[in-house]
Amino acid sequence: MNIATLPKIELHCHLDGSLRPNTILDIAKREGIKLPSFDLDVLQKELIAPLECESLDEYLERFTIPNLVMQSKENLRRITFELFEDAALENVKYMEVRFAPLLHTVKGLDVEEIIQSVIDGMKDAEHRYEIKGNVILSCMRTMSAESAFEVVEKGKKFLGKGVAAIDLCASEEAGFSRRFVEPIALAREYGYRVTIHAGETGIGENVLEAVELLGAERIGHGVFIKDCKEAYNLVKEKNVTLEMCPTSNVQTKAVNRYSQHPINDFHKDGIKVTINTDNRTVSNTTMENECNIIFREFHLDGEDYRQIYLNSVEASFADPETKEKLKTYLK
């Protein structure tokens, strides 16, 4: 099985974790932005998290530099286009890219301008390559519930025009869902689909609450349902799809090594899993790489690939017409 030639779908990819290092250098030089180094090799070491991170928080430190160059409409559009271009060139046919608009207001951009710029970059790539996409608006769990309301309200006008869903991300604490019940409920009322980062750092109960309190249809990561029987059973019973990111999970120490990743056990037990990069630059990976690792590690075959691909199609926030098109790529 040659994964390079197979169609791919990515449902969990962060824009600010997936910048080309050369683009960061180019923008920083042009705009006079100070970087730790203008040597590409040195910069890459700052951008790429080691496989031996101590925690999720150490991993998240890698997002500081990219955000320095993501504070203008032109830069956001370019960076989004390049991410979709990179994905298209490895045969990704559909991708959902998530980002937190409030991180890009440092130089005065309005949230609506920020969202429009990212959509424009995505549309630029759709016109040039055989790829479709949607945008997921992330609310930071480190910020207030009021900030989440702002994102939900200002993103509403873009629903069906490039924006598909709402997300909660950043450092994970026990019980975080309870603080965001009202803004996520409002988002659902407006028509946003819901995917929530949960169960990434050893708190399986967070997955339970994300589904029960927030109405999560998908879970970002969800590794630790393995240690919470109630969450595990709920995910399986409700067909909640897990957006799994193997390399990222090793880096953040959700698992110590690939062989310990629960993705295969979940898959064999009928839980709907998908394979994703999380952050192409921070994790120094691609969809092809993530698939190759998992398929080699667990000796999966073409039928497994087909099932995981179809899981991704069905769980995607794409419209019905796009879903039917995506199915035709898998002969």
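Every number here is computed from the coordinates shown, using simple stated rules; none is lab data. Since this is a predicted model, take the numbers as computed values, not measurements. Using ideal geometry, Cβ is built from the backbone for each residue, glycine included, and neighbour counts are taken over all protein chains shown.
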(request) Express the relative contact order of segment 3-326 as a whole percentage, based on alpha carbon pairs under 8 Å and six or more residues apart in sequence. (result) 21 percent
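Taking 0.36 nm per residue of separation and subtracting the Cα-Cα distance, what length does fully extending Phe298 through Lys29 add? Intermediate results must be reported in sequence, preceding the final value.
Working: separation 269, 0.36 × 269 = 96.84 nm, distance 4.44 nm.
Stretched out fully, the Phe298 to Lys29 stretch lengthens by 92.4 nm.
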(request) Among Thr286, Thr5, Thr281, Thr105, rank each residue by its count of other Cβ atoms within 10 Å, from fewest to most, as a rough exposure measure. (result) Thr5, Thr105, Thr286, Thr281
(message) Can you match Rg/Rh (Cα atoms, Kirkwood Rh) to one of these, (i) 0.93; (ii) 0.98; (iii) 1.10, based on a calculation from the structure here?
(response) (i)
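Holding the Cα-Cα limit at 29 Å, pick out from Lys45/Lys73; Lys29/Lys132; Lys123/Lys253; Lys229/Lys253; Lys236/Lys327 the pairs that are longer than that.
Beyond 29 Å between Cα atoms: Lys29/Lys132; Lys123/Lys253.
Taking all pairs of different Cα atoms in segment 225-274, averaging 1/r and flipping that mean, what Kirkwood radius in angstroms comes out? It would help to have the intermediate numbers written out before the result.
Values: mean 1/r = 0.0889 Å⁻¹.
Across segment 225-274, the inverse of the average 1/r is 11.2 Å.
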(message) I'd like the distance separating the alpha-carbon centroids of segment 256-300 and segment 305-331, in whole Å.
(response) 18 Å
(request) Kindly list the residues of segment 62-90 that lie in the label zone of Glu46, defined by a backbone N under 13 Å from the point 7 Å along the Cα-to-C-beta vector. (result) 62-69
(request) Can you grab the distance from the C-alpha centre of segment 33-51 to the C-alpha centre of segment 138-193, Å, no decimals? (result) 31 Å
(message) Under 14 Å between alpha carbons, and skipping anything fewer than 8 positions from Lys107 in its own chain: which aspartates and glutamates qualify?
(response) Glu31, Glu74
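Taking Rh as the Kirkwood radius computed over C-alpha pairs, what is the Stokes-Einstein D of segment 180-327 at 25 °C in a medium of viscosity 0.890 mPa s, expressed in µm² per second? Don't skip to the end; give the middle numbers.
Numbers: Rh = 15.7 Å.
Translational diffusion coefficient: 156 µm²/s.
Sort Val194, Val42 so the one with the fewest other Cβ atoms within 10 Å of its own Cβ comes first. Don't jump to the answer; show the numbers that get you there.
On the way: Val194 21, Val42 12.
Ranking Val194, Val42 by Cβ neighbours within 10 Å, fewest first, gives Val42, Val194.
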